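Novice: Encoded as C-alpha cells, here's the structure I'll be asking about.
Derivation of every value follows stated rules applied to the coordinates shown; laboratory data play no part. Treat the numbers as computed from the prediction; the structure is a model and nothing was measured. Cβ sites come from the backbone with ideal geometry, for glycine too, and all protein chains shown count toward neighbours.
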Amino acid sequence: MKIIAFGGSNSQHSINKKLAAYAANQFENGEVEVLDLNDFAMPLFSVDLEKEIGQEPKALAFLKKISEAAILVVSLAENNGNYSAAFKNVFDWASRIEKDVFQHKPMLLLSTSPGPRGGATVSEIARNAFPRYGGDIKASFSLPSFNTNFDVEKGEISNEELKTNLLNLIHSNF
C-alpha cells in the first residue's frame, strides 16, 4: 500500500514534513514516500502566466505522485492563519490541470506549529475546502506545541497521550 506524505511548507526544516513522515510510517504494511514541496517549486501562479506557458510540468508531476497513492498524509503549515504560499502555489497550479487535486484518495490531514493551537486554523480551512478538490479526509489531527511534543532526534511524538490519539485515529479510520 503506497502512502504519499508531505508537509505543506517549503522550509528545509519543516516540522510539518517531520510530522507527516512520522504519521505515514505508523500505517501497517505501508510503503511510504515523503514528498518535498521544494521539488515542486514553480513560478507564482497567475492566469496570465498560465496562458503564456500552459500547464506547469511540476504541477503535472505533483498530480502523478498523488495518483500513485493509496493513502495521502498531508500536514499543513500555518502561515498567518492560512496555507503557506509554497503549498498554495502548488495547489493552484495543480487545480488548474485537475480540479480534484487529491483524486479522492483517503487522507489523514495533519497540522502542527510551535504554538499551542497546532495549526488548528489552517486545518479547519482545509477540512472545509479539500473535499471540493477530491479530498477524502478520513481523520484529522493537530499536534500542539511541536517543540514540546515531538522528539526531533527520535522522529516521533514524545507526548504519550497525543501519540496514542494519533495512532487510534490511524487504526480506526484506515
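Novice: DSSP loop GluC sites (Glu not before Pro) in the stretch 130-174 with at most 10 other Cβ atoms within 10 Å of their Cβ, which ones?
Specialist: Those satisfying the criteria are 153.
Novice: Calculate how steeply helix 57-67 sits against the longest principal axis of the alpha-carbon atoms of the chain, using the helix alpha-carbon long axis, and give the answer as 0 to 90 degrees to the nearest 10.
Specialist: Orientation of helix 57-67: about 40 degrees from the principal axis.
Novice: May I have the convex hull volume per residue, in Å³, for the Cα set of the stretch 66-112?
Specialist: Details: hull volume 3.6 nm³, N = 47.
With only Cα atoms used, the stretch 66-112 gives 77 Å³ per residue.
Novice: Could you work out the relative contact order of the stretch 46-174? I mean the mean sequence separation of Cα pairs under 8 Å and 6+ apart, divided by the number of residues, in percent.
Specialist: 22 percent
Novice: Sorted from fewest to most neighbouring beta carbons within 10 Å, what does the list 22, 133 look like?
Specialist: Lowest to highest Cβ neighbour count: 133, 22.
Novice: Going down the table (17/154; 65/105; 58/99; 18/105), which pairs top 19 Å between alpha carbons?
Specialist: Too far apart for the 19 Å limit: 18/105.
Novice: With label points built 7 Å along Cα→Cβ from the Cα atoms of residue 31 and residue 97, find their separation and express it in nm.
Specialist: 2.2 nm
Novice: Quick check: pseudo-label points 7 Å beyond the Cα along Cα→Cβ at residue 39 and residue 171, how many nm apart are they?
Specialist: 3.1 nm
Novice: Give the average over all directions of the projected area of the C-alpha convex hull of the chain, one decimal, in nm².
Specialist: Directional mean of the projected Cα hull area for the chain stands at 9.3 nm².
Novice: Now for a different question. Calculate the tail of P(r) for the stretch 1-89: the fraction of all Cα-Cα distances greater than 16 Å, expressed in %.
Specialist: So the portion of pairs separated by more than 16 Å is 56 percent.
Novice: Could you work out how much longer the chain between residue 51 and residue 128 gets when fully extended? Use 0.36 nm per residue separation minus the Cα distance between them, nm to one decimal.
Specialist: Gain in length upon complete extension: 24.8 nm.
Novice: Could you give the size of the charge dipole of the chain about its Cα centre, using +1 on the Cβ of each K and R and -1 on the Cβ of each D and E, expressed in debye and rounded to the nearest 20? Display every interim value, and only then the final one.
Specialist: Values: 17 positive and 21 negative charges, 54 e Å.
My answer is approximately 260 debye.
Novice: Using R₀ = 25 Å, calculate the FRET efficiency as 1/(1 + (r/R₀)^6) where r is the Cβ-Cβ separation of residue 117 and residue 154; round to 0.05.
Specialist: 0.55
Novice: Once the dipole of the chain is set up with Lys and Arg at +1 and Asp and Glu at -1 on Cβ about the Cα centre, which of 146, 55, 20 lies farthest towards its positive end?
Specialist: Projecting each Cα onto the dipole axis, the largest value belongs to 55.
Novice: Still on this structure: Suppose only helical runs count, i.e. DSSP H with n ≥ 4. What mean residue ellipticity at 222 nm does that imply for the chain under -39500 (n - 2.57) per run, divided by all residues and rounded to the nearest 500 deg cm²/dmol?
Specialist: It comes out at -11500 deg cm²/dmol, rounded to the nearest 500.
Novice: Please list the three semi-axes, largest first and in whole Å, of the ellipsoid equivalent to the stretch 93-154, using sqrt of 5 times the eigenvalues of its alpha carbon gyration tensor. Mind showing how you got there, number by number?
Specialist: Details: eigenvalues 141, 27, 22 Å².
Taking √(5λ) for each eigenvalue gives 27, 12, 10 Å, largest first.
Novice: Quick check on the exposure proxy: order 121, 164 from fewest to most C-beta atoms within 10 angstrom.
Specialist: Taking fewest neighbouring Cβ atoms as first place, the list is 164, 121.
Novice: What list do you get for 66, 157 if you sort them by fewest beta carbons within 10 Å?
Specialist: 66, 157
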